[in-house]
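Participant: Before anything else, here's the structure in question.
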Amino acid sequence: MEKLQNFIDGKYVAPISNAYFDNVEPATGQVYSLIPDSDSEDVELAVAAAEKAFPIWSKMSVEERSAILVRLSEGIEKRMDEFVQAESKDNGKPLSLAGHVDIPRAISNFHFFATAIIHFSSESHYMEGVGVNYTLRKPIGIVGCISPWNLPLYLFSWKIAPALAAGNCVVAKPSEVTPYTAYLLGQIAKEAGMPDGVLNILHGFGHKVGDAIVKHKKIKAISFTGGTKTGEYLARTAAPMFKKLSLELGGKNPVIIFADCDFDDMLSTTIRSSFANQGQICLCGSRIFIERSIYDKFKEAFVAKVAKSVVSNPTDPKANLGALVSKAHMEKVLSYVDLAKEEGGTVLTGGERVILDAPYNEGFYVRPTVIEGLAYDCRTNQEEIFGPVVTITPFDTEEEALMMANSTEYGLQTTLWTSDLKRAHRVADQAQSGIVWINSWMVRDLRTPFGGVKASGVGREGGLEALRFFTEPKNVFVKY
Ligand code: NAD
């Protein structure tokens, strides 16, 4: 069986412990490769390599760094098909999704930051008759990047691309649930001409190798995307060491639908915002609030469309939904359906596991699920499920919709549907979230600030925000 390896100092190497654990294919429930069970000793090796590489990488001209990152982006593009297949197999998502979203976006992430760094500039502050301040923006040194399983290479590259572009050396860890495309990336980086030690990729469990990255004294900043509980632990660990921290955490996003919206556009987009990637996108809308006058019309049309969604193996071109990422996650999602019933909810469609024909009969498939009749403040409507489960709830006034939308501890994304321009701006202004989409969903401009408020995170990724995070500003004053 294939053994994945760590990528340290420009070479693929086995973990020092020589221990591995299983990598399960979600579509079949079968083990198909082995993942290095790395620990703090592997982190030491990666940090030593990064330390050695830092003077080379940080002093290289921006144009040279940029060219290497452009080649890296092109290197993925040349092997697009291999990456798409690998992402789908590792994660369970439909091939079409990996081919249209995940891998193209990873390619864009590298290309975007490769070019952004050329245009990055710093401020100067002139003091009339006194002198001038200018701000240097220096790379931090060695930084840690830790990413989740839902959009594996997409989110991994979203961190390491700006970190590298800004001149840092990186010790990165993809999720142990979906390590494969990050594993492939090492070779691409090498072929692109990236100096050894600049990018180091370690595999293994969060509580082991992830924790060792967060605790390492020479790793000066941590960029993390994952669950809120993990983020809280990271903050507690890294804050006393005065590390720079960027935390992109969980969500429980509301979708607010007013009666005056473009119904057809709203309906087809709401299907996507609910169930794309099996509902496993931090930006998916999981609580849908509908103005009462169109509640019944929406319910009927939405449930009919959801019930027709095709749940199938990820290689089936007809699949709207593939497999959930793991058995444990599938069980967690289904436990929330049970909870919703206990809390008085009615399952309008879905709510159960789907058993496909062999060889997919042990895969982790769940029918897309719509639940109504729940209080806005019950656990089902407050806790992150992160699967193909949404609730629908009517509202009477804009104030009530906002109150319910803003009622969770999270604040990542709010989607609004209305054709009233004034209301759109007013509600967007009051939504407690870092991102608002009006009459749309998942339209991403890589220059915009990305992140959440409340328990959805601290800091912003994207565009200049990411380049600022991965650099340390130093103010220099010159007297006239
Ligand atoms: P997770 O928190 O379990 O794991 C995320 C990463 O952190 C993994 O690589 C994991 O190995 C590592 N990790 C776990 N414990 C660690 C520790 N003690 N020290 C260091 N590293 C550790 O999250 P997950 O289950 O992989 O991902 C799903 C979560 O991610 C959901 O809550 C989802 O909302 C969130 N998410 C957020 C965003 C965003 O942009 N805000 C994007 C995608 C996913």
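Participant: I'd like the residue in the range 256-270 that is in a loop (DSSP other than H, G, I, E, B) and among the hydrophobic types (A, V, I, L, M, F, W, C) and, out of all such residues, is farthest from the ligand (Cβ to nearest atom).
Facilitator: Ala259
Participant: Take Asn200 and tell me if it is farther than 18 Å from Ile222 by Cα and either part of a loop (DSSP other than H, G, I, E, B) or within 16 Å of the ligand (Cβ to nearest atom) (or both).
Facilitator: Spelling it out, it is not the case that Asn200 is farther than 18 Å from Ile222 by Cα and either part of a loop (DSSP other than H, G, I, E, B) or within 16 Å of the ligand (Cβ to nearest atom) (or both).
Participant: Any chance you could count how many residues in the range 375-390 are touching a Phe, Trp or Tyr at 6+ places or on another chain (Cβ under 9 Å) and either part of a loop (DSSP other than H, G, I, E, B) or not aliphatic (A, V, I, L, M) (or both)?
Facilitator: 9
Participant: Filter the range 326-353 for residues that are β-branched (Val, Ile, Thr) and either farther than 25 Å from Pro148 by Cα or outside the structural domain of Glu300 (by TED's automatic domain parsing) (or both) and give the result.
Facilitator: Thr346, Val347, Thr349
Participant: Now a separate question. Aromatic (Phe, Trp, Tyr), surrounded by fewer than 24 Cβ atoms within 10 Å (Cβ to Cβ) and under 30 Å from Val370 (Cβ atoms) - does that describe any residue in the range 180-191?
Facilitator: Looking for residues that are aromatic (Phe, Trp, Tyr), surrounded by fewer than 24 Cβ atoms within 10 Å (Cβ to Cβ) and under 30 Å from Val370 (Cβ atoms), one finds none in the range 180-191, hence no.
Participant: Ok, one more. Condition first: in a strand (DSSP E or B), β-branched (Val, Ile, Thr) and within 6 Å of the ligand (Cβ to nearest atom). Now tell me which residues in the range 214-255 satisfy that.
Facilitator: Thr225
Participant: Next up: Would you kindly identify the strands (runs of 3 or more DSSP E) lying entirely within the range 107-160 that contain at least 3 residues that are surrounded by 14 or more Cβ atoms within 10 Å (Cβ to Cβ), assigned by TED's automatic domain parsing to the domain that holds Val70 and touching a helix residue (DSSP H, G or I) at 6+ places or on another chain (Cβ under 6 Å)?
Facilitator: 142-146
Participant: Continuing with this model, one more query. Scan the range 275-304 residue by residue and report those that are within 15 Å of the ligand (Cβ to nearest atom) and of a type outside the set (Lys, Arg).
Facilitator: Ala276, Asn277, Gln278, Gly279, Gln280, Ile281, Cys282, Leu283, Cys284, Gly285, Ser286
Participant: With the requirement that a residue be of a type outside the set (Lys, Arg) and crowded, with 18+ Cβ neighbours inside 10 Å, what does the range 439-461 give you?
Facilitator: Trp441, Leu446, Phe450, Gly451, Gly452, Ala455, Ser456, Gly457, Gly459, Glu461
Participant: Among the residues of the range 250-263, write down those that are surrounded by 15 or more Cβ atoms within 10 Å (Cβ to Cβ) and out of contact with any Lys or Arg (no Cβ under 9 Å at 6 or more places or on another chain).
Facilitator: Gly251, Ile256, Ile257, Cys261
Participant: Looking at Gly457 and the list (1) away from the ligand (no atom under 14 Å from the Cβ); (2) on the phi > 0 side of the Ramachandran plot; (3) not polar (S, T, N, Q), which single condition is not satisfied?
Facilitator: Answer for Gly457: the failing condition is (1).
Participant: Can you find even one residue in the range 86-109 that is in contact with a His (Cβ under 6 Å, 6 or more places away or on another chain) and not acidic (Asp, Glu)?
Facilitator: no
Participant: Sort out which residues of the range 329-351 are assigned to a loop (DSSP other than H, G, I, E, B) and more than 15 Å from Gly279 (Cβ to Cβ), and write them in order of number.
Facilitator: The answer is Glu343, Gly344, Gly345.
Participant: In this structure, is Val24 touching a Leu at 6+ places or on another chain (Cβ under 8 Å) and either in a strand (DSSP E or B) or without any contact (Cβ under 8 Å) to a residue 40 or more places away in the chain (or both)?
Facilitator: no
Participant: Look through the range 42-87, keep the residues that are in a loop (DSSP other than H, G, I, E, B) and of a type outside the set (D, E, K, R), and return whichever of them is surrounded by the fewest Cβ atoms within 10 Å (Cβ to Cβ).
Facilitator: Ser61
Participant: Please tell me if Tyr295 is surrounded by fewer than 22 Cβ atoms within 10 Å (Cβ to Cβ), not hydrophobic (A, V, I, L, M, F, W, C) and not assigned by TED's automatic domain parsing to the domain that holds Glu352.
Facilitator: Taking the combined requirement at face value, the residue does not satisfy it.
Participant: Please name all residue pairs, on different chains or six or more residues apart, with Cβ atoms under 7 Å, provided the first residue is in the range 216-238 and is farther than 23 Å from Gly411 by Cβ and the second residue is at pLDDT 95 or above and near the ligand (Cβ under 6 Å from one of its atoms).
Facilitator: Here the result reads Thr237/Val214, each pair linking the range 216-238 to a residue that is at pLDDT 95 or above and near the ligand (Cβ under 6 Å from one of its atoms).
Participant: I would also like to ask the following. Across the range 453-480, which residue is farthest from the chain's Cα centre (by Cα) among those that are part of a helix (DSSP H, G or I) and of a type outside the set (A, V, I, L, M, F, W, C)?
Facilitator: Looking at residues that are part of a helix (DSSP H, G or I) and of a type outside the set (A, V, I, L, M, F, W, C), I get Arg468.
Participant: Right, next: Mind listing whichever residues of the range 203-213 are surrounded by fewer than 24 Cβ atoms within 10 Å (Cβ to Cβ) and part of a helix (DSSP H, G or I)?
Facilitator: Listed by number, the residues that qualify are Gly206, His207, Lys208, Asp211.
Participant: Do we find that Leu4 is aliphatic (A, V, I, L, M) and under 25 Å from Tyr360 (Cα atoms) in this structure?
Facilitator: Yes.
The values are calculated or read from the model by the stated rules, or taken from the named source; none is laboratory data. Nothing here was measured: the structure is a model prediction, and the numbers come from that model. FYI the Cβ positions are ideal-geometry reconstructions off the backbone, even for glycines, and counts take in every protein chain you see.
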